[in-house]
Amino acid sequence: MDRIKESIEKYDTIILHGHIRPDGDCIGSQYGLYYLIKDNYPNKKVFITGESSEYVGFIGKPTLIEDKHFEGALSICLDCAIQDRLSDQRFKLSKEVIKIDHHIPVEDYGDYQYVDVTAPACAQIITEFYMKNQNEWTLSKEAATALYVGISTDTGRFKFDSVNARTFLAAATLVEQGVNLGYIDNQLSVEDLNTLKLKGYILSNFKISEHGFVYATLTREEIESFHVSDEDAAAQVSTISTIEGCPVWALFLEYSKEEIRIRLRSRGPVINLLAEQYRGGGHAKASGATLLNWNELDEFVRKADEIVKNYKHNS
Ligand code: AMP
């Protein structure tokens, strides 16, 4: 962290990157670090690049930046284990690149990496970065709000077993800065009617394999017929998360004929190794992967079913 601080102090221009299809932790980490730097080094030029997220759009939405800004700049890549998944590949134009992440490392990239797989959210790492320098730095309410959203979304609102005592210390530090918990909960919880109808459809149509792998599929036509965004449809993975006897679940979303995105989740068995077999990866209990067509579905379901079977057998 001292090394990262030195780099931040050294560069006049700092660009903060996130991954494709950013989630609350990605956007929360980007904006949290953005405000942290701006609040404490007001003369630096800091940019956020990459995609925006409707779900956490209330934190902020990145705007396009020009190539010239990367010249002689520091790029900090947040919440992304694999460089191909960074949404703005122009970090390669920067003078120095730092990766800050909490995923199981898949590949090395950048000049310097800070990876802490015991942190349930990248935003927790950024918060701890602030806490380490608390005597010297201030943390604005904007920074604290973004970081709190990052931590709370990536921990399922402080529920997942990746949450540890450090998570609550970090959250407490953020709450001390005046984070409005009711406002954040409201922003994250309210659903529109179309999304609720889709939820009902998923609850009526999910399937369960022989040993208890639960999954729902959504074709392109189905997603469009509900008039919801891909992001809102993808968020429905949690709809099938609570079924007794089903410790692994997944939502399959057809983005195109050649790209069926899998959101894979577990409350027991390790699933990232299965995701890695299907062009994906992630955490032991939260992973993503891709099918190239629906013909791959049966085999995937068989393998997931086998994982559940072995888990039940051993526990
Ligand atoms: P998601 O279902 O997209 O929220 O992904 C769950 C976790 O797996 C996140 O931490 C992602 O960063 C990670 N992940 C998703 N897709 C991939 C992929 N194709 N390769 C590596 N990691 C992934």
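The values are calculated or read from the model by the stated rules, or taken from the named source; none is laboratory data. Quick caveat: nothing in here was measured; it's all calculated off a predicted structure. Cβ coordinates were reconstructed from backbone atoms using ideal geometry, including for glycine residues, and neighbour counts include every protein chain displayed. When the accessible area is computed, the model is the full protein with side chains, heavy atoms only, and any ligands, DNA or RNA have been set aside. Shrake-Rupley method; radii C 1.70, N 1.55, O 1.52, S 1.80 Å.
Hey, among the residues in the range 251-308 that are more than 12 Å from the ligand (Cβ to nearest atom) and among the polar types (S, T, N, Q), which one's farthest from residue 213 (Cα to Cα)?
If we take residues in the range 251-308 being more than 12 Å from the ligand (Cβ to nearest atom) and among the polar types (S, T, N, Q), then 256 is farthest from residue 213 (Cα to Cα).
Could you check residue 295 against (1) part of a helix (DSSP H, G or I); (2) within 21 Å of residue 201 (Cβ to Cβ); (3) among the polar types (S, T, N, Q) and say which number it fails?
Failing condition for residue 295: (2).
Quick one: how many residues across the range 174-201 are among the hydrophobic types (A, V, I, L, M, F, W, C) and either open to solvent by 50 Å² or more (accessible area, probe 1.4 Å) or farther than 20 Å from residue 153 by Cβ (or both)?
Going residue by residue through the range 174-201, those that are among the hydrophobic types (A, V, I, L, M, F, W, C) are 174-175, 179, 181, 184, 188, 190, 193, 196, 198.
Checking the rest, the ones that are also either open to solvent by 50 Å² or more (accessible area, probe 1.4 Å) or farther than 20 Å from residue 153 by Cβ (or both) come to 175, 181, 190, 193, 196.
Number satisfying all stated conditions: 5.
Go through the range 210-221 and give me each residue that's touching a residue at least 24 places away in the same chain (Cβ under 8 Å), open to solvent by 20 Å² or more (accessible area, probe 1.4 Å) and either more than 16 Å from the ligand (Cβ to nearest atom) or of a type in the set (Asp, Glu) (or both).
Taking the range 210-221 first, the residues touching a residue at least 24 places away in the same chain (Cβ under 8 Å) are 210-220.
Imposing the further condition that a residue be open to solvent by 20 Å² or more (accessible area, probe 1.4 Å) reduces the set to 210-211, 215, 217, 219-220.
Correct list: 210, 211, 219, 220.
Does residue 210 meet the test of being modelled with pLDDT of 95 or more and within 21 Å of the chain's Cα centre (by Cα)?
Numbers: modelled with pLDDT of 95 or more: yes; within 21 Å of the chain's Cα centre (by Cα): no.
Against the criterion (modelled with pLDDT of 95 or more and within 21 Å of the chain's Cα centre (by Cα)), residue 210 does not qualify.
Kindly indicate whether any position in the range 153-175 is within 16 Å of the ligand (Cβ to nearest atom) and under 22 Å from residue 39 (Cβ atoms).
No, that holds for no residue.
Being surrounded by fewer than 17 Cβ atoms within 10 Å (Cβ to Cβ) and aliphatic (A, V, I, L, M) is the filter here; which residues of the range 164-173 pass it?
165, 169, 172
Does the range 273-284 contain any residue that is at pLDDT 95 or above, farther than 22 Å from residue 22 by Cβ and touching a Lys or Arg at 6+ places or on another chain (Cβ under 8 Å)?
Yes, the range 273-284 contains at least one residue that is at pLDDT 95 or above, farther than 22 Å from residue 22 by Cβ and touching a Lys or Arg at 6+ places or on another chain (Cβ under 8 Å).
Taking the condition open to solvent by less than 50 Å² (accessible area, probe 1.4 Å), modelled with pLDDT of 95 or more, under 21 Å from residue 298 (Cα atoms) and more than 10 Å from the ligand (Cβ to nearest atom), does residue 237 pass?
Details: open to solvent by less than 50 Å² (accessible area, probe 1.4 Å): yes; modelled with pLDDT of 95 or more: yes; under 21 Å from residue 298 (Cα atoms): yes; more than 10 Å from the ligand (Cβ to nearest atom): no.
No: the conditions fail for residue 237.
Please enumerate the residues belonging to the range 196-211 that are touching a strand residue (DSSP E or B) at 6+ places or on another chain (Cβ under 8 Å) and of a type in the set (Ser, Thr, Tyr).
209
Tell me, please, whether a residue that is within 16 Å of the ligand (Cβ to nearest atom), within 30 Å of residue 234 (Cα to Cα), modelled with pLDDT under 95 and assigned to a loop (DSSP other than H, G, I, E, B) can be found in the range 57-78. It would help to see each step written out before you state the result.
Narrowing the range 57-78 to residues within 16 Å of the ligand (Cβ to nearest atom): 77-78.
Within this subset, residues satisfying the condition of being within 30 Å of residue 234 (Cα to Cα) are 77-78.
Still in the running and modelled with pLDDT under 95: none.
Checking the range 57-78: not a single residue is within 16 Å of the ligand (Cβ to nearest atom), within 30 Å of residue 234 (Cα to Cα), modelled with pLDDT under 95 and assigned to a loop (DSSP other than H, G, I, E, B).
Just one of (1) at pLDDT 95 or above; (2) in contact with a strand residue (DSSP E or B) (Cβ under 6 Å, 6 or more places away or on another chain); (3) within 15 Å of the ligand (Cβ to nearest atom); (4) farther than 30 Å from residue 191 by Cβ trips up residue 116, so point out which.
Here residue 116 meets the rest and fails (2).
Looking at (1) in contact with a His (Cβ under 7 Å, 6 or more places away or on another chain); (2) open to solvent by less than 10 Å² (accessible area, probe 1.4 Å), which is the only condition residue 283 fails?
Against the list (1) in contact with a His (Cβ under 7 Å, 6 or more places away or on another chain); (2) open to solvent by less than 10 Å² (accessible area, probe 1.4 Å), residue 283 comes up short only on (2).
Please find, within the range 77-99, the residue that is nearest to residue 125 (Cα to Cα) out of those that are without any contact (Cβ under 8 Å) to a residue 40 or more places away in the chain and within 19 Å of the chain's Cα centre (by Cα). Steps first, answer last, please.
Applying the first criterion (without any contact (Cβ under 8 Å) to a residue 40 or more places away in the chain) to the range 77-99 yields 83-84, 89, 92-93, 97, 99.
The next check asks that each one be within 19 Å of the chain's Cα centre (by Cα); those that pass are 83-84, 89, 99.
On the way: 83: 19, 84: 22, 89: 23, 99: 12 Å.
The residue in question is 99.
Return the total of residues in the range 240-254 being assigned to a strand (DSSP E or B) and open to solvent by 10 Å² or more (accessible area, probe 1.4 Å).
We begin by selecting, within the range 240-254, every residue assigned to a strand (DSSP E or B); these are 248-254.
Filter once more, keeping what is open to solvent by 10 Å² or more (accessible area, probe 1.4 Å): 249.
Residues flagged as assigned to a strand (DSSP E or B) and open to solvent by 10 Å² or more (accessible area, probe 1.4 Å) within the range 240-254 amount to 1.
Among the residues of the range 128-143, is any among the hydrophobic types (A, V, I, L, M, F, W, C) and within 30 Å of residue 289 (Cα to Cα)? First the steps, then the outcome.
Within the range 128-143, the first condition is being among the hydrophobic types (A, V, I, L, M, F, W, C), and the residues that meet it are 129, 131, 137, 139, 143.
After this cut, where a residue has to be within 30 Å of residue 289 (Cα to Cα) as well, the list is none.
Looking for residues that are among the hydrophobic types (A, V, I, L, M, F, W, C) and within 30 Å of residue 289 (Cα to Cα), one finds none in the range 128-143, hence no.
Residues of the range 93-131 being open to solvent by 60 Å² or more (accessible area, probe 1.4 Å), of a type outside the set (A, V, I, L, M, F, W, C) and under 18 Å from residue 150 (Cβ atoms), which ones?
Once the filter is applied, which keeps residues that are open to solvent by 60 Å² or more (accessible area, probe 1.4 Å), of a type outside the set (A, V, I, L, M, F, W, C) and under 18 Å from residue 150 (Cβ atoms), the range 93-131 yields only 118.
Is there a residue being open to solvent by 40 Å² or more (accessible area, probe 1.4 Å) and at pLDDT below 95 anywhere in the range 291-312?
There is no residue in the range 291-312 that is open to solvent by 40 Å² or more (accessible area, probe 1.4 Å) and at pLDDT below 95.
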